[in-house]
1. Looking at (1) assigned to a strand (DSSP E or B); (2) free of Cβ contacts under 8 Å to residues at least 24 places away in the same chain; (3) not hydrophobic (A, V, I, L, M, F, W, C), which one does Asp175 not meet, given that it meets all the others?
2. Restricting to region 159-216, and then to whatever is of a type in the set (Ser, Thr, Tyr) and touching a Phe, Trp or Tyr at 6+ places or on another chain (Cβ under 6 Å), can you tell me which residue is farthest from Ala31 (Cα to Cα)?
3. Quick one: is Thr104 polar (S, T, N, Q), modelled with pLDDT of 95 or more and not in a loop (DSSP other than H, G, I, E, B)?
4. Among Ala123, Ala110, Ala63, which is out of contact with any helix residue (DSSP H, G or I) (no Cβ under 7 Å at 6 or more places or on another chain) and either modelled with pLDDT of 95 or more or over 17 Å from Thr143 (Cα atoms) (or both)?
5. With the condition kept exactly as written, say whether any residue in region 215-225 is in a loop (DSSP other than H, G, I, E, B), farther than 28 Å from Val62 by Cα and in contact (Cβ under 8 Å) with a residue 40 or more places away in the chain.
6. Within region 109-170, considering only strands (runs of 3 or more DSSP E) that don't extend past its boundaries, which have at least 3 residues that are open to solvent by less than 10 Å² (accessible area, probe 1.4 Å)?
7. Out of Ile84, Ile45, Ile90, which single residue is over 17 Å from the mean Cα position of the chain (by Cα), modelled with pLDDT of 95 or more and over 16 Å from Ala191 (Cβ atoms)?
8. In region 1-35, which residue that is closer than 15 Å to Phe202 by Cβ and not aliphatic (A, V, I, L, M) is surrounded by the most Cβ atoms within 10 Å (Cβ to Cβ)?
Amino acid sequence: MRSNILCLETSAAKCSVALTYAHDQIIYKEAAVSYSHVSQITLLIKECIEEANIKFEELDAVAISGGPGSYTGLRVGASTAKGICFAKDIPLIALDTLQVIGHTLIAHEANHGKSLYISIIDARRDEVYLAGYDKELDQVLDTQAFILSGDSFKSESDHYGQIIIGGDATAKAADIISSNRIIYRHIIPNASHMAELALKAFSEQVFEQLSSYTPSYLKSPNITVSKKQFFRNN
């Protein structure tokens, strides 16, 4: 029996929602405007529920992108998901955003033999969040905030036939890294990419503690204070 799992992707610039339901169906909705998570996420959820012709009471779990990614977006996703889970008494599933990208990347590039699959998410300036996986999705490079340079991943190139990089920071990486042994795939995280891993987590009952769960931010938010506010307080 197919589980009804609501997937919320809020780590990227555009929030998206996917719903897995009976007969291996997936309904997907995406915000038309970037950084509209607060105003759009509940509308997207409502559209998915209505199109699937199910009730909120029929949801089995809610899965969220657990980060890293947009600080504000991750908070919106977590608070929305926790609210639904508390109200309907259903479990929360948190998926590593980099792992979801890696899973998507491997699915599209599995014919490359012994390759290193690196997921990258854009951060500030020349920095990215990254993690590396083998073709079985076993993590071989630690999750980290990483500053790109011209010789990035040179040592990894000696151990793998090919390095395949995917995520929303591939254009930035391609401009900085000097290597002809790297393949780039521009993959924007979206909720439909989460479905398979969410179903696996649900079947294995890998759930989060609702009362204490927080997303994986990796770094504190980049918060600036306006000059007017600064001088008023000093």
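1. Looking at each condition in turn, Asp175 falls short on (1).
2. Restricting to residues being of a type in the set (Ser, Thr, Tyr) and touching a Phe, Trp or Tyr at 6+ places or on another chain (Cβ under 6 Å), the top hit is Thr170.
3. Judged against the criteria, Thr104 is a match.
4. Only one candidate passes the filter, namely Ala110.
5. yes
6. Counting at least 3 such residues, we get 115-122, 127-133, 162-167.
7. Step by step, each of Ile84, Ile45, Ile90 is checked, and only Ile90 is over 17 Å from the mean Cα position of the chain (by Cα), modelled with pLDDT of 95 or more and over 16 Å from Ala191 (Cβ atoms).
8. Cys7
The values are calculated or read from the model by the stated rules, or taken from the named source; none is laboratory data. Computed from a predicted structure; not experimentally measured. As a convention, Cβ positions derive from the backbone with ideal geometry for all residues, glycine included, and neighbour counts pool all protein chains shown. For accessibility, only protein heavy atoms count, side chains too; no ligands or nucleic acids. Shrake-Rupley method; radii C 1.70, N 1.55, O 1.52, S 1.80 Å.
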